[in-house]
Amino acid sequence: MSNARIEKRYAKALFLTSNLDTAKARSYLEKMRLVTELFTIEDSRKVLCSPVMPLELKSALLKLALEKADADQAAHAFIHSVLEVGRISLLPGIIDGFEDLIDTKEGILKADVVVSTQLEPATLDAIRTVLEGMFNKKVSVRASLDPAILGGFKVRVGNSLIDLSLKSKL
């Protein structure tokens, strides 16, 4: 089974622990995002992803992060179950999938905007407003840089792609 499928299953299980309450799920998300920050720190990522590191060390590291995040017992139990089955390296993907489930439940679309240079927040807000008008739904915009598109931008919302880049015009 692919990692993406496994991540989705765990994300769904985590979502079900919130009883499909999006406010409670958003609260879990904030706490889980703090725990996944461990994966951005090289030393802690190496410990968590290593198959030879003792389970007790990984558990202590995660417990500390959960306590710092003020996570409840359900969050502790979820993280511990993921750790026990050796899938803790998938936690960032699980949490991304969890956020996708919350957004879907709230009717929020995700838009990935690719630009060649950094955009002003006002420009991103203008793009968000246009997309919300096009799709008649609330849209969350995430920007990334790709100098290869030369100018303009590309927007992906679900399976739709709007390519207004200079590279596609050449």
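The values are calculated or read from the model by the stated rules, or taken from the named source; none is laboratory data. Just so it is clear, the structure is predicted and the values come from calculations on it, not from any experiment. Here Cβ is always computed from backbone atoms with ideal geometry, including for glycine, and neighbour counts include all displayed protein chains. For the accessible areas, the whole protein counts, side chains as well, though only heavy atoms, and no ligand, DNA or RNA atoms are used. Shrake-Rupley method; radii C 1.70, N 1.55, O 1.52, S 1.80 Å.
Across the accessible surface of the chain, with the other protein chains kept in place and a 1.4 Å probe, carbon and sulfur atoms take up 55 percent. Sequence gap at least 6, Cα distance under 8 Å: using those rules, report the relative contact order of segment 103-170 to the nearest whole percent. Averaging sequence separation for qualifying contacts and normalising by length gives 40 percent for segment 103-170. Ligands, DNA and RNA excluded, the heavy atoms of ARG33 present near 70 Å² of accessible surface to a 1.4 Å solvent probe. Each Cα pair under 8 Å and six or more residues apart adds its separation to the average, and for the chain the resulting relative contact order is 22 percent.
Nearest 10 degrees, 0 to 90: what angle lies between the long axis of helix 3-17 and the longest principal axis of the chain (Cα atoms)? So the helix axis and the longest Cα principal axis differ by about 70 degrees. The listed peptides 122-128, 156-162, ordered by packing as a protection proxy, come out as 122-128, 156-162 (highest mean of other Cβ atoms within 10 Å first).
Distance check, please: which entries in LYS58/LYS138; LYS24/LYS137; LYS8/LYS137; LYS24/LYS68 exceed 30 angstrom between their Cα atoms? Table pairs above 30 Å Cα-Cα are LYS58/LYS138. Extents of segment 1-138, taken as max minus min of Cα coordinates on every principal axis and listed largest first, are 51, 37, 33 Å. Surface exposure of segment 70-138, expressed per residue as accessible area with a 1.4 Å probe, stands at 53 Å².
Only bridges whose two residues both fall in the chain count here: according to DSSP, what percent of them are antiparallel, nearest 5? The partial results should precede the final answer.
On the way: 9 of 17 bridges.
DSSP beta bridges in the chain are roughly 55 percent antiparallel.
Assuming charge only on the beta carbon of Lys and Arg (+1) and of Asp and Glu (-1), the dipole of segment 44-116 about its Cα centre is about 360 debye to the nearest 20. What residue among LEU55, LEU101, LEU145 shows peak mean-square fluctuation when the chain is described by a Gaussian network model with Cα springs under 10 Å? Most flexible of the set in this elastic network: LEU145.
Give me the one-decimal Kirkwood hydrodynamic radius in Å for segment 106-170, with the sum taken over alpha-carbon pairs.
On the way: mean 1/r = 0.0834 Å⁻¹.
Mean inverse Cα-Cα distance, inverted, gives 12.0 Å.
Taking ALA148, ALA77, ALA25 as the candidate residues, the one with maximal mean-square fluctuation in a Gaussian network model of the chain, Cα springs under 10 Å, is ALA148.
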